[in-house]
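The values are calculated or read from the model by the stated rules, or taken from the named source; none is laboratory data. Just so it is clear, the structure is predicted and the values come from calculations on it, not from any experiment. Every residue, glycine as well, gets a Cβ built from its backbone with ideal geometry; the counts of neighbours run over all protein chains shown. With ligands, DNA and RNA removed, areas are computed over all heavy atoms of the protein, side chains included. Shrake-Rupley method; radii C 1.70, N 1.55, O 1.52, S 1.80 Å.
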Amino acid sequence: MRIVVLTGGIGGARFLLGVREHARAIGADVTAVVNVGDDVRMHGLQICPDLDSVMYTLGGAADPERGWGRVGETWVVKEELAKYGVEPSWFGLGDADTATHLVRTTMLSAGYPLSAVTAALCERWQPGITLLPATDDRLETHVVVDVDGERKAIHFQEWWVRHRGNVPTHNFVFRGADTAKPGAGVLDAIGQADVVLVAPSNPVVSIAPILAVPALKDAVANGPAPVVGVSPIIGGSPVRGMADKCLATLEVEVSAGGVGRMYGPRAEGGLLDGWLVDTSDAQAQVPGVRTKAVPLWMKDPATTARMVADALELAR
Ligand code: FO1
C-alpha cells in the first residue's frame, strides 16, 4: 500500500510519527508532501522549518518542548549575531540547526533543487519515509497586516515569530504559487497512491500553500486515490499553534465542521472524501463528506497510529 500525506508544521510532523508506525505494521510505503510556504532566507541561509520539523522529528532529534529545531541545542551563533547588532534578532537559529541550513544553502547555490537537497539531508536522519517539498520553486506565505499605521504584506515568519500573530491581519498570500510546479516526485507519488491523507496541520498556512500549486491541487482533487483529512481542531480549539487566528482572519468557523466545510467535498471540486474528527466533535456536519469521530489527541506514536488506521478505514 502507498500512502501520501500532505503535511506541514509541528502537528504534521507528530502525525507522521503515527503514520510511520502504522505503515511499518502493515508494510506500507509513505511519502510526505511538505509545505514550503514557511521557508525563509535569514542571515544568507535558506531555512525550511516544516521540512526540518519532519526530518528532525522522525530522525529522533527534535526538541520536544519547542517542537521546532534540535534537542540539546546551543545558541552561540544567535548570541554572537546579537552582539553585532544584526537583525532580525527576533528569529533564533540554533548552532546545530545552523549546520543543516549551511548544507542546504551550499547545495542550493550549487544548483541542486530543494528535493535533492532534502534527500541528501535525510541520508543522515533516516526518517523512514520519503520527504518531498511541495515544490522546488520559490513559494512563500506572506501575511497582509496593519503595522505602524501602514498596510503591508510581511513574511509568515515575521507575522508569527515577531508579532505572534497579534497584529490586525487581513489575508494570507502564497507568493510564487501561481507559477510553481509540483516538486520532483510529487505527481508520481500522488498518481500511484492508494490513499492521500491530509495531516491535522494548520489548514491556512500549512495545507493551503501546498494546494496553491495548481498542478498539485489538480492531481489530488482529480487523482485516483481517496483523500481523507484529519481535523486540526478539537472542541473548537487548535491542538497547537495559530490555526484559530488564521481561520478567524478568513472568517471560517474555528471548529472541526468549519475546517471540513472549508476543504469541501472532492465530488464538488473540494478536497475531501473522508473527514476524521474527534469524539467530542461527533456532531460536525460536512455535507458530501463521510465523517467519522474517533479520539484525535496525538499523545504518542501508538495513539496516533490508531488514528491513522481509522483514517485508512474511512478511505475504504
Ligand atoms: N519559532 C519561534 O517561535 N521562534 C524562533 O526564533 C524560531 C526560529 C526557527 C528557526 C528554524 C526553524 O526551522 C524554525 C524556527 N521556528 C521558530 C519555528 C517556526 O517559526 C514555526 O513554528 C513554523 O514555521 C510553523 O510551522
Subset of region 159-194 [in a strand (DSSP E or B) and either within 18 Å of the chain's Cα centre (by Cα) or surrounded by fewer than 16 Cβ atoms within 10 Å (Cβ to Cβ) (or both)]: His170, Asn171, Phe172, Val173, Phe174, Arg175, Pro182
Would you mention how many residues in region 87-117 are under 21 Å from Phe156 (Cβ atoms), among the aliphatic types (A, V, I, L, M), out of contact with any Phe, Trp or Tyr (no Cβ under 9 Å at 6 or more places or on another chain) and assigned to a loop (DSSP other than H, G, I, E, B)? 0
Residue in region 25-33 that is open to solvent by 70 Å² or more (accessible area, probe 1.4 Å) and either under 19 Å from Trp159 (Cβ atoms) or in contact with a Lys or Arg (Cβ under 8 Å, 6 or more places away or on another chain) (or both) present: yes
When region 272-316 is examined, which residues are found to be among the hydrophobic types (A, V, I, L, M, F, W, C) and farther than 17 Å from Ser255 by Cα? Met298, Ala302, Ala305, Met307, Val308, Ala309, Ala311, Leu312, Leu314, Ala315
Show the residue pairs that are 6+ apart or on different chains and have beta-carbon atoms under 8 Å apart, the first residue being within region 65-77 and open to solvent by 70 Å² or more (accessible area, probe 1.4 Å), the second being assigned to a strand (DSSP E or B). Trp68/Ala62; Val71/Ala62
Could you run through region 134-157 and say how many residues are in a strand (DSSP E or B) and in contact (Cβ under 8 Å) with a residue 60 or more places away in the chain? 4
For region 45-60, give me each residue that is of a type in the set (A, V, I, L, M) and away from the ligand (no atom under 12 Å from the Cβ). Leu58
